[in-house]
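Asker: Sharing a structure below in structure tokens format, with a few things to ask.
The values are calculated or read from the model by the stated rules, or taken from the named source; none is laboratory data. Here the structure is a predicted model, which is why all the values come from computation and not from measurement. Positions of Cβ are generated from backbone atoms using ideal geometry, with glycine treated the same way; all protein chains shown enter the neighbour counts. Surface areas here come from the heavy atoms of the whole protein model, side chains and all, with no ligands, DNA or RNA. Shrake-Rupley method; radii C 1.70, N 1.55, O 1.52, S 1.80 Å.
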Amino acid sequence: MIHSLKTLLWTLLVAGSAALISAPALAANDAMLKLLEELRDNGTISEEQYEKLNDAALAEEERGTASEQEAVKEQVKEQVEEATKDLPEISTDGKFEVASKDGNWRWRFGGRIQVDGAYYDNDNSELASGVEIRRARLNMQGTIYKVWDLKFEYEFTESPPDGIRDAYIRYTGFKPTSLTLGNFKEPFSLEQMTRDLYLTFMERALPDVFAPSRFLGAGVHTYGETWTAATGFFGNNVAEDAPEGYGIPARVTFAPVHEETRVAHLGANFQWRSTGDDKVTRFRQRPESHVTDVRLVDTGTFDASSFTNAGAELAGAYGPWSVQGEYIGTWVDQAGSDPNVYFWGWYTQGSWFLTGESRPYNFSSGIWENVKPKQNFSWGDGWGAWEAAFRYSYLDLSDQDIDGGKQDDVTLGLNWYLNPNIRFMWNLIKVLDVKGGSFNDAKPFIAQMRAQVFW
Amino acid sequence: MIHSLKTLLWTLLVAGSAALISAPALAANDAMLKLLEELRDNGTISEEQYEKLNDAALAEEERGTASEQEAVKEQVKEQVEEATKDLPEISTDGKFEVASKDGNWRWRFGGRIQVDGAYYDNDNSELASGVEIRRARLNMQGTIYKVWDLKFEYEFTESPPDGIRDAYIRYTGFKPTSLTLGNFKEPFSLEQMTRDLYLTFMERALPDVFAPSRFLGAGVHTYGETWTAATGFFGNNVAEDAPEGYGIPARVTFAPVHEETRVAHLGANFQWRSTGDDKVTRFRQRPESHVTDVRLVDTGTFDASSFTNAGAELAGAYGPWSVQGEYIGTWVDQAGSDPNVYFWGWYTQGSWFLTGESRPYNFSSGIWENVKPKQNFSWGDGWGAWEAAFRYSYLDLSDQDIDGGKQDDVTLGLNWYLNPNIRFMWNLIKVLDVKGGSFNDAKPFIAQMRAQVFW
Amino acid sequence: MIHSLKTLLWTLLVAGSAALISAPALAANDAMLKLLEELRDNGTISEEQYEKLNDAALAEEERGTASEQEAVKEQVKEQVEEATKDLPEISTDGKFEVASKDGNWRWRFGGRIQVDGAYYDNDNSELASGVEIRRARLNMQGTIYKVWDLKFEYEFTESPPDGIRDAYIRYTGFKPTSLTLGNFKEPFSLEQMTRDLYLTFMERALPDVFAPSRFLGAGVHTYGETWTAATGFFGNNVAEDAPEGYGIPARVTFAPVHEETRVAHLGANFQWRSTGDDKVTRFRQRPESHVTDVRLVDTGTFDASSFTNAGAELAGAYGPWSVQGEYIGTWVDQAGSDPNVYFWGWYTQGSWFLTGESRPYNFSSGIWENVKPKQNFSWGDGWGAWEAAFRYSYLDLSDQDIDGGKQDDVTLGLNWYLNPNIRFMWNLIKVLDVKGGSFNDAKPFIAQMRAQVFW
């Protein structure tokens, strides 16, 4: 016994001190193992007992190490949580957003830059080639007190207050219904409601001239599993001095299918708008190219007490293929004895992702969303997403005594999505014909491209 | 002894290993407890000794566990502090602000949106009903090198550089005195110095026409326990081309009482302003409603080499009640042989919080602060704060050869503070009379409302 | 043995429990030490063995403590890293920037405010004294997907889209070469390429009139250890309607020496620019003071189909001394039968840091950088950096049939850098002479100062 204790001490001091370095708290266990050996060696316990005890001691050591680490881990976790519990969630990837851990507060800073270049092959249409910043916007948006969303966005290529885009506060406490107050888009038209960043072509189609876009007002939006509905009451444009009339729009959409790569979408739009005390209106449209300020079709300002817009939407996606089309018409009630006039237009477009992506759809808003390439572009690795597209559009701004002209265009488009935030776009547009108006018989050809980044 | 050792080992391996899972490092102590039992059982120690030893060992175990946990906790704390010491303080609730832990650096991003609608019941006053974005501002402010504050704020409803609001740098190293350089408000008038976000009515009272608001210059501000004093030297407005004169303002306030729900405030204001080489000036004022651009009283531009403003303030709060009044007059030194003229105005207002809040007062600036509802609004729970208010205001812009007109208004106001950041306001204004000027005898009635959010 | 065990237990319980508080897991080792004493006392081991064993046990205890603490520390470190690995890097000191830990994403918010005051001692030069906000800018910039940089900066003293400054996206994947697309500075002139925040004098020298500054276009920049090269293709100015011509600039610099306090820099610049369909151009320049809008030299708008700029740069720093000079000339191809004209200018300047700083140089861009004082200013402690400077500049805008005038100025400058972000500047300018043009013989004296903060 004495001998074995001496041996134990020696062994312990030599071996145990080494063991201590890697697992210090288990020295006692190592001592136990040595003790067992000594007890076996001096016959206090049998070989069989020794095996059993040794196995148990080894298992204990393992459990000890594991449970000890677990205990430390638990303590660290608790204290790190304590130390970081006031830290918000901060997103840096894809967007800059800071939100409280409970999600009741959220702040986001976004922006976009679109640089366009256009070459115009003119005949008599006075289109001047050049480059421009198509859009340069910054926005700050947030969520406050959990159920209030706010947003302010400014377009720096336009003069105040024309540059004010979304500027609203939204109550989201009645899910799925939301109430919005401020400057925002009247619900009307699939292409108008889809963010410009996510359009297939550089500019919206000719009939977009009838879509009201943003006005100051109040609106309500709601949705179900396969449908959306929105309406509101809107006053004048933020840039206009009162009195500039008011509008009552409505949009309903129906999407019986909205899977990840299969979408079927139907929509109907309506707006009635009073032109206010001025009792005038005007419809004019650029040739699906914005570098020029020339409008090939233009009614000029004419007397009108009110007008009524109606539109129908049809769209779908099937794997890499997508189609989209809209018809919009407007009945204008000319003030006085002039007859009422009817203007209208339509477009149809199709696109194909060569790289296999599918156009994403937002069923709760009934609009298209941002394309995310399967592989982001990086030299020698992924090549981003590539999309080829075709569009035909038609616009008729001539009726009765108003000769604004009729125009139809075809467009070929090629889009390169380098990653979800950067996109290059190329459009070739042929104006097939302009009939009537100031540019009768104009048939210019347009080649344009865009570099777009947003965040 | 041998037997007891064997028993000890067995017991230890079975019981101890379970104990290890919850407190692994204390196995040695468990072994000690078992050993004591064995020693008692084989008579090596007496029952009495055993009790004593066992109690001590148990106490030791407790202390051991506690001190061990304490030690780990301490280590974790230190290292968590080390790992997170470079993380700044980030506020997401109520505002977005990021500050270094030492407070020497601070960055904040704020903004506001005010959407107004106004209905004008006209007689001959040409006021046109409508909606507008009253204010849409973003700002970035910060603290750098501990003692320097900076701020830049832009009003997006106005054209550059008119939209530049606060744009200054401030030295705060001589507490409680601060020095400011840049574009900021000349110290003058309680209502003008109070932030528009915190006003009781949608627009400031008629006599605010005499308050200089923001100019480019340098100023000094200081305060004691019951008083504040501010002065400065200011050049032209940021939007005006030089030479546009310069101004020397001063404001002193005295608040013998400024408790949480009881405030008594007195103030005096002064400004001398040269009109610069142009030697002209103009005073005109909207009817406490901003949707219209019509001014019912307006001196038109007239010759003036300088003018002197003086004003007196009186205000107080007592529980849910508050009162406020100001008188401001201006002596205009008309250039040449024209006689000097005197214009003046005053207003008085009172308000009552139906929900029991008290109007908060900022004693170091001598201004009113933001109302925080006792309960924030949420459906079926709190209903926010509600305030009813009344105001009478008078403005006289007619004297000698200048016939700008005289106007007096009464206003009924109702404010709903949903939470500290969102407010709805309703104002009913009756213009009691306009005498003289271009709108002689005008007595329009105005109903207007505002939705306000700021962050 | 029995006795010694009893003693051991007692000693252990009394002494060990105290030891446990400070190092609980080492109780076993204390027990070992006591056991050794007992074994020595009852003769089981010799005094010699005891010494050896005791020393080893003590060493083991030390190692045990150290290694145990190390192990816990390591575990804590790992787990703290795990718990905080999604937290971005947040800079609050000197700038506000948030970046992902891997550096692939970065967001930064910056701005600047410059407040100027100028006093003009006129003769016939119609310069009007006053104050102005010289620049008030905010910007948001970032890095996305590691190799894409983006930046948007807006100047709030100017109307849209004139206020758009940098608005670009840059590919940095081909280090050290970068490709930029959008609105940014054409590479031309050391003084123009150096950020306005880092200039020695309040305004750039007279010949800067020939430097193109920002246009919409595409550019490439690269550099080696001692050189930089940049070129590009640029269209019209962001504020101009097309068609406004296009420009092809190039800049190469050579810096055989660029140590921390010693710099030798040479540069050459070139630009060819078509004036577009308008076929006109104009050169005019303020007298190195911006509060006034008056230009003492001005060619007026004249016919020109294109012009070619060329320039040479020479600069250096040696300890607190720095020198800089440029020559720029432009050949204008007047449309039609008018003769070609040649305009030119040059400047030379020197500066001395009284407080010993050296002007920092950015060798990868071939430009000057921000001065950082050796000691920041704070009352009674450091006094910031002080710099005295002198400049002579000359501009000749008269040739052939164009009489824009010739001007030469001398400037004395004093700069106070309170810290890296705040600077005060004083300039005394004497226009030595204006010959020709609308202000023939004008020799005004100008005293101006600036307060500048940026972040």
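Asker: Just one of B:T275, B:T194, B:T292, B:T226 is touching a Gly at 6+ places or on another chain (Cβ under 7 Å) and of a type in the set (S, T, N, Q); which is it?
Answerer: Going through B:T275, B:T194, B:T292, B:T226 in turn, the sole match is B:T275.
Asker: A further question on this structure: Collect the residues in the stretch A:90-104 that are over 20 Å from the mean Cα position of the chain (by Cα) and surrounded by 15 or more Cβ atoms within 10 Å (Cβ to Cβ), keeping them in residue-number order.
Answerer: A:S100, A:N104
Asker: Right, next: Pick from C:K185, C:K175: which is more than 9 Å from chain A (Cβ to nearest Cβ) and at pLDDT 95 or above?
Answerer: Only one candidate qualifies: C:K185.
Asker: Just to verify a result, which residue in the stretch C:54-71, among those that are within 9 Å of another protein chain (Cβ to nearest Cβ) and modelled with pLDDT of 70 or more, is most open to solvent (accessible area, probe 1.4 Å)?
Answerer: C:E70
Asker: Do you know which residues across the stretch A:128-143 are under 25 Å from A:P88 (Cβ atoms) and within 7 Å of chain C (Cβ to nearest Cβ)?
Answerer: A:L138, the sole residue that qualifies.
Asker: Name the residues in the stretch C:144-162 that are more than 7 Å from chain A (Cβ to nearest Cβ), open to solvent by less than 20 Å² (accessible area, probe 1.4 Å) and not charged (D, E, K, R), would you?
Answerer: Result: C:F156, single match.
Asker: Could you list, in sequence order, all residues of the stretch C:308-343 that are closer than 21 Å to C:I429 by Cβ and of a type in the set (F, W, Y)?
Answerer: Once the filter is applied, which keeps residues that are closer than 21 Å to C:I429 by Cβ and of a type in the set (F, W, Y), the stretch C:308-343 yields only C:Y327.
Asker: What's the number of the condition A:S125 fails, among (1) away from chain C (no Cβ under 11 Å); (2) open to solvent by 10 Å² or more (accessible area, probe 1.4 Å)?
Answerer: A:S125 satisfies all of (1) away from chain C (no Cβ under 11 Å); (2) open to solvent by 10 Å² or more (accessible area, probe 1.4 Å) except (2).
Asker: Filter the stretch A:272-307 down to residues that are open to solvent by less than 40 Å² (accessible area, probe 1.4 Å), among the β-branched types (V, I, T) and either within 23 Å of A:G437 (Cα to Cα) or under 28 Å from the mean Cα position of the chain (by Cα) (or both), then give me how many there are.
Answerer: Final tally of qualifying residues: 6.
Asker: Of the conditions (1) farther than 27 Å from C:I328 by Cβ; (2) out of contact with any Asp or Glu (no Cβ under 9 Å at 6 or more places or on another chain); (3) among the aliphatic types (A, V, I, L, M), C:L412 clears all except one; give me its number.
Answerer: Going through the list (1) farther than 27 Å from C:I328 by Cβ; (2) out of contact with any Asp or Glu (no Cβ under 9 Å at 6 or more places or on another chain); (3) among the aliphatic types (A, V, I, L, M), C:L412 breaks only (1).
Asker: Then there is this: Which residues, counting only those in the stretch C:399-443, are surrounded by 18 or more Cβ atoms within 10 Å (Cβ to Cβ) and of a type in the set (S, T, N, Q)?
Answerer: C:Q407, C:T411, C:N415, C:N419, C:N421, C:N427, C:S438
Asker: For residues that are aliphatic (A, V, I, L, M) and over 23 Å from the mean Cα position of the chain (by Cα), scanning just the stretch B:210-251, find the one that is modelled with the lowest pLDDT.
Answerer: Across the stretch B:210-251, the extreme among qualifying residues is B:A242.
Asker: Mind listing whichever residues of the stretch A:230-262 are β-branched (V, I, T) and crowded, with 22+ Cβ neighbours inside 10 Å?
Answerer: Within the stretch A:230-262, A:V238, A:T253 meet the criteria.
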